[in-house]
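Contents: one structure, followed by commentary.
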Ligand SMILES: Cc1cc2nc3c(=O)[nH]c(=O)nc-3n(C[C@H](O)[C@H](O)[C@H](O)COP(=O)(O)OP(=O)(O)OC[C@H]3O[C@@H](n4cnc5c(N)ncnc54)[C@H](O)[C@@H]3O)c2cc1C
């Protein structure tokens, strides 16, 4: 004989007929059936969920799920959480101070990163844990450091001396106004996501010479694109990463003192220690996935070739990694969309070779144009904080240039990454992907690229929340908890519901 005790809240889930039944005598059998169906419905609500990938998106998904009643397993191929968020700790020979440097995501700000900042605050990361700095820019041709093409202000108006080469103050003002216009369009948020750089330049009425020599290199410093491809590349991701704040305001940028990478690890560790049904599996690469007839998923990892069954799977890797393990036949609508989202390799080099920053005009972001118009970008980390003086983080270097740095100076760290190629159809493809994935039971995607087509710590965080909502049966408990803690979520959610 099995006795089932119903609590008041269980009982409140019964309808009126069922309650009458429950109260009447002689109907024990029927009552028991109701009891069982209720119990099974509670069991069904608790799912076994897999998160594939422990970068920002995967770790945030793990955190969000920790307030629900589900069993959650996070699989990360590397030996640590963080993904792109990778911090290294180095001794700066110039200042003799140990500093943490983020090799991947490094910069954020209030406004476009408010949700991320709220999550950090929830984990007790406060203002004292941030560096605050001004994000200035210097643009120059390789070999012509004495005569930079463009230098943004840094607290005084001397920068007017470094006007756009052979140009007038009028042109400098034009650049500042174009950057401001980009910021305003970003804030307004009504630009169609497939708007190309070329369309926007025309809409903003930017003079062609200024567009080519100054704005385009600034816009594409983190995105591989040639000027003759300006019609193929989208402007919106650029606004997200480069022009999200007005050059006419002095709003500061933020960086992490201990490193964004170490924050992600801290969040994973803290959540894991309090989450009874949460399990983080490091060094477990997902090799393949298969779908069962009952809609469940089997995950095979390098450590478990037998496979383990899950109700839902949140894929929080980049699309080019997802292609490697998702089942091609079962997901034949999704695979072409994933393959159409192109990523390209890039490498960050942390060094102390002064040739990649301007000496006379110290600025945070140095954009260096080679003769063939390809770009090298260097962040002068001393502009973030004096303890980092003399440390530079450069991307876009070729092997010969890296060897030359090694000969003259010290390389402290090198890290390889993948950057999305933001063609104008990137956003459209991600939308289509979400739409197709929503038709497949128990499958959702997280990662900044999945929602607005732009990857930042903010979009990775938001995407994790949306994917978590898709993966569970009842979002009430989840929303009740997180909408109370994270007010920015309330602003975002209506757009995606
Ligand atoms: C060089 C660089 C600079 C950036 N700068 C900024 C910045 O300043 N500010 C900002 O906000 N954003 C920045 N970004 C973007 C930011 O890094 C991303 O938005 C965010 O970190 C992506 O997180 P994610 O979890 O979606 O992906 P990832 O961080 O790539 O995480 C995916 C994880 O999945 C794991 N994985 C892959 N395949 C498998 C598998 N088969 N099995 C198990 N695990 C697997 C990977 O090991 C990885 O840990 C930058 C990105 C780069 C590359």
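The values are calculated or read from the model by the stated rules, or taken from the named source; none is laboratory data. These figures come from a predicted structure and were not determined experimentally. A quick note on method: Cβ atoms are made from the backbone with ideal geometry, for glycine too, and the neighbour counts reach across all protein chains shown.
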Which listed residue, of 246, 288, is in a loop (DSSP other than H, G, I, E, B) and not assigned by TED's automatic domain parsing to the domain that holds residue 153: 246
Neighbours by Cβ (under 6 Å, 6+ apart or cross-chain): first from the range 213-237, closer than 16 Å to residue 178 by Cα and in the same structural domain as residue 370 (by TED's automatic domain parsing); second part of a helix (DSSP H, G or I) and within 16 Å of the ligand (Cβ to nearest atom): 219/238
Test: residue 425 is surrounded by fewer than 19 Cβ atoms within 10 Å (Cβ to Cβ) and out of contact with any strand residue (DSSP E or B) (no Cβ under 8 Å at 6 or more places or on another chain): yes
Unmet requirement for residue 278, which otherwise passes all of (1) buried (at least 20 other Cβ atoms within 10 Å of the Cβ); (2) under 20 Å from the mean Cα position of the chain (by Cα); (3) outside the structural domain of residue 468 (by TED's automatic domain parsing): (2)
Enumeration of residues in the range 222-243 that are within 12 Å of the ligand (Cβ to nearest atom), assigned to a loop (DSSP other than H, G, I, E, B) and buried (at least 21 other Cβ atoms within 10 Å of the Cβ): 242
Residues within the range 57-78 that are near the ligand (Cβ under 10 Å from one of its atoms) and touching a strand residue (DSSP E or B) at 6+ places or on another chain (Cβ under 8 Å), tallied: 8
Failed item in (1) touching a helix residue (DSSP H, G or I) at 6+ places or on another chain (Cβ under 7 Å); (2) assigned to a helix (DSSP H, G or I), with residue 444 passing the rest: (2)
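One residue is enough: does the range 326-343 have a residue meeting the conditions assigned to a strand (DSSP E or B) and modelled with pLDDT under 95? Before you say what the answer is, go through the steps one by one.
Keep residues of the range 326-343 that are assigned to a strand (DSSP E or B), which gives 343.
Adding the requirement that they be modelled with pLDDT under 95 leaves 343.
The answer is yes; a qualifying residue exists.
Do we find that residue 269 is part of a helix (DSSP H, G or I) and either farther than 18 Å from residue 52 by Cα or not assigned by TED's automatic domain parsing to the domain that holds residue 444 (or both) in this structure? Outline the logic, then answer.
On the way: part of a helix (DSSP H, G or I): yes; either farther than 18 Å from residue 52 by Cα or not assigned by TED's automatic domain parsing to the domain that holds residue 444 (or both): yes.
So residue 269 passes the test.
Can you tell me which residue in the range 36-56 is nearest to residue 347 (Cα to Cα), limited to those that are in a strand (DSSP E or B) and either more than 6 Å from the ligand (Cβ to nearest atom) or at pLDDT below 95 (or both)? Steps first, please.
To start, the set of residues in the range 36-56 that are in a strand (DSSP E or B) comprises 48-52, 55.
Add one more test, that the residue is either more than 6 Å from the ligand (Cβ to nearest atom) or at pLDDT below 95 (or both), and what stays is 48-51.
Values: 48: 37, 49: 33, 50: 30, 51: 27 Å.
Result: 51.
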Failed condition for residue 267, given (1) farther than 30 Å from residue 180 by Cβ; (2) surrounded by fewer than 19 Cβ atoms within 10 Å (Cβ to Cβ); (3) within 16 Å of the ligand (Cβ to nearest atom): (2)
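Select from the range 83-121 the residues that are on the phi > 0 side of the Ramachandran plot, more than 9 Å from the ligand (Cβ to nearest atom) and at pLDDT 95 or above and list them in ascending order. Don't jump to the end; show me each part of the working.
Looking only at the range 83-121, we keep the residues that are on the phi > 0 side of the Ramachandran plot, and these are 83, 96, 111.
Of the ones still in play, those that are also more than 9 Å from the ligand (Cβ to nearest atom) are 96, 111.
Across the range 83-121, the qualifying residue is only 96.
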Number of the condition not met by residue 388 [criteria: (1) within 16 Å of the ligand (Cβ to nearest atom); (2) in the same structural domain as residue 294 (by TED's automatic domain parsing)]: (2)
Hits in the range 395-428 (condition: touching a helix residue (DSSP H, G or I) at 6+ places or on another chain (Cβ under 9 Å), in a helix (DSSP H, G or I) and within 16 Å of the ligand (Cβ to nearest atom)): 426, 427
Residue check for residue 447: out of contact with any strand residue (DSSP E or B) (no Cβ under 7 Å at 6 or more places or on another chain) and within 14 Å of the ligand (Cβ to nearest atom): yes
